[in-house]
Amino acid sequence: MTKKASTKNNDEQYFVLKPPEIKERARVLVFGTYDIIHPAHLKFLVEARQTANCYDCELVVVLSRDSSIERIKGHKPIFTEEERLKHVSGLRIVDYAQLGKEGENYFDIILDIKPDFIILGYDQLPNDKPLLEFIKEHHLKITVYRLPHFESGDLSSSSEVRKKVLEIYNNEKK
């Protein structure tokens, strides 16, 4: 018996589903912008799973909303939140990806995802006290780790990639 081809449109096929309500495996949660995915992002995602010592865990990525990026970083991302969600969802290491919450209650997403581990990057949430207080206030059993900065050559951040692209573009215009 042959199976009928999927009738999903092209946009839908790129999205990884949100994590199911009922967990079958432990969950590792990471946050980020992931505007221009570069080697340090990939290293971070691999290390997140390894740091949790949980190779069979579900890795959930919550992406920053466009409005949050503009507010925090002072500029718009190159790719829209929907495009960034597609890009991250396409990474083999990612089990689930979704957009974060807007506004002041952005930690509430933790209640939806129910992670066992939260892995922070070296530059994320410099003051993690509000996160730890949120976890304690909601009586959650979550282990939080902070990973170091990962060097990946000259291009270990999205801003470095942007600078390099502009440099190449400007040199070609001359």
Check your understanding: So is residue 74 free of Cβ contacts under 8 Å to residues at least 40 places away in the same chain and surrounded by fewer than 17 Cβ atoms within 10 Å (Cβ to Cβ) or not?
Key -> yes
Review point. Does any residue in segment 132-148 that is within 21 Å of residue 48 (Cα to Cα) come within less than 7 Å, Cβ to Cβ, of a residue that is among the hydroxyl-bearing types (Ser, Thr, Tyr) six or more places away or on a different chain, and which pairs are these?
Key: 145/51; 146/122; 147/51; 147/122; 148/122
Point to revise | Residues located in segment 54-108, provided they are in a loop (DSSP other than H, G, I, E, B) and among the β-branched types (Val, Ile, Thr) | key: 78, 80, 93, 94
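From 85, 42, grab the single residue that is surrounded by fewer than 18 Cβ atoms within 10 Å (Cβ to Cβ) and out of contact with any Pro (no Cβ under 7 Å at 6 or more places or on another chain). Quick ask: steps written out before the conclusion?
Details: 85 fails: surrounded by fewer than 18 Cβ atoms within 10 Å (Cβ to Cβ).
After applying the criteria, what remains is 42.
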Review point. Exactly one of (1) over 22 Å from residue 149 (Cβ atoms); (2) outside any helix (DSSP H, G or I) is unmet by residue 123. Its number?
Key: (1)
Practice item. Specify the residue that is farthest from residue 54 (Cα to Cα); the eligible residues are those in segment 88-109 that are under 13 Å from the mean Cα position of the chain (by Cα) and surrounded by fewer than 16 Cβ atoms within 10 Å (Cβ to Cβ). Key: 90
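Kindly establish whether residue 22 is part of a loop (DSSP other than H, G, I, E, B), over 14 Å from residue 121 (Cβ atoms) and touching a helix residue (DSSP H, G or I) at 6+ places or on another chain (Cβ under 8 Å). Break it down into steps so the answer makes sense when it comes.
Numbers: part of a loop (DSSP other than H, G, I, E, B): yes; over 14 Å from residue 121 (Cβ atoms): yes; touching a helix residue (DSSP H, G or I) at 6+ places or on another chain (Cβ under 8 Å): no.
Answer is no for this residue.
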Review point. Of all residues in segment 129-144, which are exposed (fewer than 15 other Cβ atoms within 10 Å of the Cβ) and in a loop (DSSP other than H, G, I, E, B)?
Key: 138, 139, 140, 141
**Study point:** In segment 116-128, residue surrounded by the most Cβ atoms within 10 Å (Cβ to Cβ) [restricted to those that are over 15 Å from residue 106 (Cβ atoms) and among the charged types (D, E, K, R)]
**Key:** 116
Practice item. State whether the residues of segment 39-47 include one that is modelled with pLDDT under 95 and part of a loop (DSSP other than H, G, I, E, B). Key: no
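The values are calculated or read from the model by the stated rules, or taken from the named source; none is laboratory data. If you're wondering where the values come from, they're calculated on a predicted model, not measured in any experiment. Every residue, glycine among them, receives a Cβ derived from its backbone with ideal geometry; neighbour counts consider all protein chains shown.
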